[in-house]
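Visitor: My questions will all concern the structure given below.
The values are calculated or read from the model by the stated rules, or taken from the named source; none is laboratory data. Note that the structure is predicted; figures quoted are calculated from it, not measured. Please note: Cβ atoms are built from the backbone with ideal geometry, for glycine as well, and neighbour counts cover all protein chains shown. Just so you know, the surface numbers come from the protein's heavy atoms only, side chains and all, with ligands and any DNA or RNA stripped out. Shrake-Rupley method; radii C 1.70, N 1.55, O 1.52, S 1.80 Å.
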Amino acid sequence: MFRLSIKIQQDEFVLHGTGIAAPLRGCVRQPTQRLPSGLCLEKLDLVSQGTPYQSRTLIIRLQTLVERIRLGHTLYLVCQTDEQSEPYQSRLFAGEFSWILGSVQPKGIGIRLELQREDYWHLPWRPLALNNCHGNGVLDGLQMDNRDDNPVNRQNWCWLAGEDLLGDLPAPLRLHLHHDLQSINSLDAIYIGLGSARITPLAVLEGEQGSSQLNFGAVMNADCHAGAYGLVQWESSAALRILSWVIPGAAFHALARAQLRPLVRLVNPSSLRAETWLSWKLYFGSLVFQSAARQLTVGRQLQLLPIICLPALSNSEVPWNDLRLELHAQNRNPGATHLALDAVFLFFTDGWRQFTALPDGKLAYGETLIDQSDQQQPYIHLAQTQTNQQSYQVLGNGLWLLPGEDHVLQVLFDNGQNMPLDAGCHVQLEYQPRTRMLP
């Protein structure tokens, strides 16, 4: 141990090493204990050698630190293992101290300081290098499009390499989404998915490339994803299979038991018939999954569909057979129903964030949405005034990185009613390396 201190904001109380606080002469760190609460107990034996006045000052300082922890102030235990290493921090949640019995002697007085801290150490936040068709190794914001059709060189995803990720524990991500590419629309709903051990997403399911036994046709439209959409029509009030796609099994390597979150882009959703419900059936030789039904919202172009659960076949080196994904629909009211489906985006859910704008809280042009996975609420940064405000509520399990694993991040958004395909944003990511044992 090269240096040990307690830090609160910009102030440090050094217990060992350079800048040690008088009258301390050193510190011995005892083995760490895991507590039932999930925290860790640090026992530090301090050696004090000085005048009575210095000893009283030391006790007052320790008592002040303990009380600030009790009051909920943010304090950290900071440890630097050697002169060349970065200092690691661990947040403190409780503390107390006492005299070590029989320690009063010429060489000093012993004080036992006990601190309850997080069960991990972390390094400062650091940027991540992102890659997609718009750049490689980008640190300061990579362009993300609101579509993923390769002929026009657009991607709504990026990937990052896991080989350089520090730490040995899952690390939280801090997302900066800069709305700085198109000034026409403010962003209303924003969806973000994260997949581990991947560098590409699953292929988009194009509506015009589906198959159907109903009245179905592909309609060319330059304003649609990949330049076309699929139009299917039916009159029955029963639940029917309206579209299906065959998906290559090779695309599902290492995805056994995974969950996918589909997002569908509809064409002319204002003409959608009310009370239309959609659900999935997944066939892997036999029927292996059937979802619950979800009602579509009239007038919203980008919508969430029910989660798809992939089969539990072993993630072996033997490739999977192809899968068949069926989209079923039902409208219990008699009459003709039609669905104009542009594309279905299959999002990974190893990490998931769904941002919904609060009233008058959309992300305007020039603003930045910031979301940190280990905090409760995202916020918007206003560049003009250098201030922050809350504008979104968020759902999801957060975005966390696994050290040593590649990751792919997917993004889609709308402006409330429409999902503009020509829109985009810049995404910047940071992570906070965490470790349980200091190097």
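Visitor: Note down all Cβ pairs under 8 Å where the first residue falls in the range 195-223 and is under 30 Å from Ala161 (Cα atoms), the second is open to solvent by 60 Å² or more (accessible area, probe 1.4 Å) and not aliphatic (A, V, I, L, M), and they're at least six residues apart or on different chains.
Guide: Gly195/Asp350; Ser196/Asp350; Ser196/Glu405; Ala197/Glu405; Arg198/Trp159; Ile199/Trp159; Thr200/Trp159
Visitor: Output the number of the condition that Val219 fails; it satisfies all remaining conditions of (1) more than 34 Å from the chain's Cα centre (by Cα); (2) over 25 Å from Ala293 (Cβ atoms); (3) open to solvent by 70 Å² or more (accessible area, probe 1.4 Å).
Guide: (3)
Visitor: Restricting to the range 33-59, count the residues that are at pLDDT 95 or above and within 18 Å of Ser5 (Cα to Cα).
Guide: 5
Visitor: For Leu128, work out the one condition from (1) modelled with pLDDT of 95 or more; (2) within 30 Å of Thr74 (Cβ to Cβ); (3) surrounded by fewer than 16 Cβ atoms within 10 Å (Cβ to Cβ) it doesn't fulfil.
Guide: (3)
Visitor: Quick one: which residue in Asp148, Asp140, Asp180, Asp119 is under 30 Å from Gly26 (Cβ atoms), part of a loop (DSSP other than H, G, I, E, B) and in contact with a strand residue (DSSP E or B) (Cβ under 8 Å, 6 or more places away or on another chain)?
Guide: Details: Asp148 fails: under 30 Å from Gly26 (Cβ atoms); Asp140 fails: under 30 Å from Gly26 (Cβ atoms); Asp180 fails: under 30 Å from Gly26 (Cβ atoms).
Within the list Asp148, Asp140, Asp180, Asp119, the selection yields Asp119.
Visitor: Related question: Taking interchain pairs and intrachain pairs at least six residues apart, which have beta carbon atoms under 7 angstrom, with the first residue in the range 50-63 and open to solvent by 70 Å² or more (accessible area, probe 1.4 Å) and the second aromatic (Phe, Trp, Tyr)?
Guide: Pairs that qualify, where the first residue is open to solvent by 70 Å² or more (accessible area, probe 1.4 Å) and the partner is aromatic (Phe, Trp, Tyr), are Arg61/Phe13.
Visitor: Also: Any residue at all in the range 25-36 that's in contact with a Cys (Cβ under 6 Å, 6 or more places away or on another chain) and open to solvent by less than 80 Å² (accessible area, probe 1.4 Å)?
Guide: yes
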